[in-house]
1. Compare Leu29, Leu147, Leu281 in a GNM of the chain, Cα atoms joined below 10 Å, and give the one with the largest fluctuation.
2. For the chain, give the percent of accessible area contributed by carbon and sulfur heavy atoms, probe 1.4 Å, rounded to a whole number.
3. For a quick check, take a GNM of the chain with Cα springs below 10 Å and name the residue from Arg142, Arg254, Arg51 with the largest mean-square fluctuation.
4. Wrap a convex hull around the Cα atoms of region 36-195, take a quarter of its surface area, and give that in square nanometres.
5. Summarise the long-distance tail of P(r) for the chain by giving the % of C-alpha pairs beyond 27 Å.
6. In nm, what is the difference between 0.36 nm times the number of residues separating Val268 and Thr73 and their Cα-Cα distance?
7. Residues of the chain: accessible area per residue at 1.4 Å, in Å²?
8. What FRET efficiency do you get for Ala241 and Arg142 if R0 is 25 Å and r is their Cβ-Cβ distance, rounded to the nearest 0.05?
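The values are calculated or read from the model by the stated rules, or taken from the named source; none is laboratory data. Here the structure is a predicted model, which means the values were calculated and not measured. A quick note on method: Cβ atoms are made from the backbone with ideal geometry, for glycine too, and the neighbour counts reach across all protein chains shown. Ligands, DNA and RNA are excluded from the accessible area calculation, which covers all protein heavy atoms including side chains. Shrake-Rupley method; radii C 1.70, N 1.55, O 1.52, S 1.80 Å.
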Amino acid sequence: MENWMWGLVVMGVIALILLIVLWFLPISLWFRAWISGSHIKMSRLVGMKLRKIRVKMIVDAYITARKAGLDITVGDIETHYMAGGNVINVVNALISAHAANITLSTSTARAIDLAGRDVLNAVKVSVNPSIIETPRISSVARDGIELIVKVRITVRANISRLVGGAGEDTIIARVGEGIVSTIGSSKSHKEVLENPDTISKIVLQKGLDSGTAYEILSIDIADIDVGRNIGAQLQMDQAEADKRIAQAKAEERRAMAIAAEQEMRAKVQEMQARVVEAEALVPKSLAEALKSGRLGVMDYYNMQNIQADTAMRGAISGSGSKPKK
């Protein structure tokens, strides 16, 4: 009876150990990988589980990659997962690139993903070019007429330049700058309206996709409108500014003239005051001369007669300008 009891205990312990082992060991994942032709060692699976890695996702990604014919290892997938990358996205991008005969290595795909770019979307854009629409771009031709242009840019992702390459914002900015400079060098806005494709060709030849993650396939003018007459407006503004400057200068000259006139009046008043002062001294001088005998009475009367005669002649000459009838 005791041996039987001990036997049950031993069997229970063994069963418990087996249950613990079966629960801990990812046997189902190992078996699925084995029958899929993508064998993974049990020790690697256990190690991933101990490192708290999502073993099922790693195994599924590895099986999918191997079934698609990719030359990739479990270590590559595991390392990318531990680096914080999107394993599923990278594997799908590699499969898409492989199916489209696009050269994309595992290391490049991992680097693109870790750089924060959507590597799967990049592969799709590389296969199916994308269209970028710019906002309305305002530019002025040499005749002063404003043209408002909307452009469609057809681009294809350049896988080799995704890491470190500029994005869509740079493409839009460069194309906008090229449109503005090209229209600005045109003699007339009519030339642009007659041949808008010429503007597109000139801008396309400038190599605006240099240093970006895209390759520009075409630049097409989607819409073009005639805006304001900027040249005439600038001339009007300049004329108004010149008018204000002339008015300011005239006001300055008027103020200077008023100041000069006031200064002259002040001088005249000062001279008149001196004359009055001098005339006030004449009787005193005459009295002193008469008293001292330097001037006789007859001399004084002669001087008075001379002054009266001079005043009379002046009066006659002023009133006798018109002959009497």
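1. Taking springs between Cα atoms under 10 Å, the residue moving most is Leu281.
2. Numbers: 12500 of 21600 Å².
Carbon and sulfur atoms account for 58 percent of the accessible area of the chain.
3. Arg254
4. 11.5
5. Numbers: 38762 of 52650 pairs.
The proportion of pairs with Cα distances above 27 Å equals 74 percent.
6. On the way: separation 195, 0.36 × 195 = 70.20 nm, distance 11.05 nm.
That pair, Val268 and Thr73, stretches by 59.2 nm at full extension.
7. Working: 21600 Å² over 325 residues.
On a per-residue basis, the chain sits at 66 Å².
8. On the way: r = 22 Å, r/R0 = 0.88.
For Ala241 and Arg142, the calculated efficiency is 0.70.
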